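Here, each number is a calculation from the coordinates, and none is a lab measurement. The model shown is predicted, which means the values in this text are computed figures rather than measured ones. When we count neighbours, we look across all protein chains shown, and the Cβ atoms used for this are built from the backbone with ideal geometry, even at glycine.
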Amino acid sequence: MQSSTNYSQIEKRENSDWPIFQTAENINNLPFWDKRPYLFFDENQIVIKGTLKRIGKNKQIPKSYMFILLKTGQLIYLDTNQKGKIQLDLSIVLKKIELTNEENEDKQKISAIRIERFQNCSIHIWNEDNSISINVWYNRLAQFCISSNFEGFFQLHEKIDEGAFSSVFTVTSQSQEEVKNQKYAAKVYSKSLQSKIPAQQMKDFIQAECSILKIVKSQYIVKLFEIIQLEDVVILILEYVSGGTLYQILQQNVLNELMSLEILNQIMLAIKEVHHHGFVHRDIKLENIMFQSLNPIEIKLIDFGFAEKINRNKLLNGSGTAGYIAPELFQLAPYTENCDMFSLGVLFYLLLCGNSPFGTQNKELLLELNKTCNLQYLSKEWQNISSSTQKIVQKMLDKDPTKRITILELELLLDIHMNNLRFNQANSRQALNQLQNCNNVIMQNQRPAVRTVSNNKKCDDDDMSIEEKSIDNTNLINLKNSHQYYNKSKWVS
């Protein structure tokens, strides 16, 4: 193909009034590319690089350049020197299109990507030698901005969930360059929702979820791969999580204290990542925790539609789920990290006891008890829960947000407490097994010599500290019932 060839776009751009993601007006007639300063980077920062043809904003003659996409979302083009760069974000829209050579007799068509930075300010890129497919470039770029293609990239399957604002379907990847038939969850927001909720509220809801999921990086937060905006819908391509919600799990399974603490720990780490980026989740509840695996436990925090930037001066939005709302919000206090901690405390209470801390399912009464923070700690429900775990719950549900445990304090407490529980459980099982061995020996010889080895001693033969003790069956039974004793000593027959 000759470099002097003119190109035109086959597919005309639709003038959609869909309001969620739009490119900005180019009031000051800015160029597509930001020029210098020179951007320094190393090879491990590169997502993809290769030589592509490009038609610029005001040019119809294609030219080849080296393009480099970095993990930070910066796209650079260069020849012998860096020519320009842009920061990809949710204000930039991609679309895979076809270009045609109108001067060529066979009207040759080329698959290309249009990158639109401002309204009426875009470039087109494509690859003629197919060393790296243009679909691969599209998939990599779509990680950082808004894409406009669904067909040919994904296949829609069954609906798996439906909420007040969206529906969730399973989809599979159709791209030959990616893992074909890879399963994802597609969360679909329809334009028809504008008839049910104000357009601005809907826009804020969707943009909040997309913005946060684009920046958070945690194994305990559902991963967002791509945002697709079509004429009537916005589709979030999300990590597929198959294990059901925490609410569903609790209907079918009894979780012990250590399992509940592990779930709490993972949710806490997810929330810590959200807070690290200056956001609060604002809707922590059983239904918004999904299981990737129950054994070993692996959870995913989902549904960030109510999330917002932390504002310590005023309450921006008073939404929440009855029974999970921090009591200070009823006094119109600002929603801070401590409010998420209260909601997490309610969730933890439910994990341990199976009931709400407010002891009712009546919505009006629930809101009133939630407001006054009138909590129920019933002895029957708590009798098998360790005192340390009970104290953690009480610290999380403190009515006074200034006294409520912080996420860093909770992280430290959980680390110590969970290690102690694991140690005690393992030590108790080992001690009981060894005491049973002792009992077998005693049945043969009523007064054996028993060696005790302190836990703080090595168990090597040369270092072993041995005491000769004489015990009988009565003492053995007493020892077996004494957790304090056999958690401190290791018994060897």
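Any chance you could check the Cα centroid distance between the range 211-259 and the range 69-90 for me, in angstrom?
Their Cα centres are 31 Å away from one another.
List every residue whose amide H lies under 5 Å from the amide H of Phe154, counting only residues 5 or more places away in sequence or on a different chain, with H placed 1.01 Å from N in the peptide plane.
Counting only residues 5 or more places away or on other chains, the set is Gln174.
Report, by chain and number, residues whose modeled amide H sits under 5 Å from the one on Leu316, excluding near sequence neighbours (fewer than 5 apart, same chain).
Tyr335
At a Förster distance of 41 Å, what's the computed FRET efficiency of Ser175 paired with Lys314, Cβ-Cβ distance as r, to 0.05? Please list the in-between numbers first.
Values: r = 46 Å, r/R0 = 1.12.
That pair, Ser175 with Lys314, gives E of 0.35.
Full-extension gain between Tyr247 and Leu332, please, as 0.36 nm times their residue separation minus the C-alpha to C-alpha distance.
Values: separation 85, 0.36 × 85 = 30.60 nm, distance 2.90 nm.
Answer, rounded to one decimal: 27.7 nm.
Could you pull out which residues in the range 231-275 have an amide N less than 12 Å from a spot 7 Å beyond the Cα of Asn384, following the Cα-Cβ vector?
Within reach of a label on Asn384, which here means backbone N under 12 Å from a point 7 Å along Cα→Cβ, the range 231-275 contributes 254-258.
Provide Rg over Rh for the range 109-248; use the alpha carbon set for both Rg and the Kirkwood Rh (inverse mean inverse pair distance).
Working: Rg = 16.3 Å, Rh = 16.6 Å.
Result for the range 109-248 is an Rg/Rh of 0.98.
Quick check: pseudo-label points 7 Å beyond the Cα along Cα→Cβ at Ile215 and Thr402, how many nm apart are they?
That separation, rounded to one decimal, is 3.0 nm.
Are there any GluC sites (Glu not before Pro) in the range 181-277 that are in a DSSP loop and have at most 11 other Cβ atoms within 10 Å? List them by number. List each step's numbers first, then the result.
Working: sites: Glu209, Glu226, Glu231, Glu239, Glu257, Glu262, Glu273; in loops: Glu231.
Within the range 181-277, the qualifying GluC sites (Glu not before Pro) (loop, at most 11 other Cβ atoms within 10 Å) are Glu231.
Give, in nm to one decimal, the length gained when the segment between Lys223 and Gln207 is fully stretched (0.36 nm per residue of separation minus the Cα-Cα distance).
Fully extending the segment from Lys223 to Gln207 adds 4.2 nm.
Multiplying the sequence separation of Leu258 and Thr51 by 0.36 nm and subtracting their Cα-Cα distance, what value in nm do you get?
Extra length from Leu258 to Thr51 when fully extended: 69.1 nm.
By the gyration tensor of its Cα atoms, with a ≥ b ≥ c the square roots of the eigenvalues, what is the shape of the range 222-377: rounded for a/c under 1.5, prolate for a/b over b/c, or oblate?
Oblate, because a/c is 1.5 or more while a/b does not exceed b/c.
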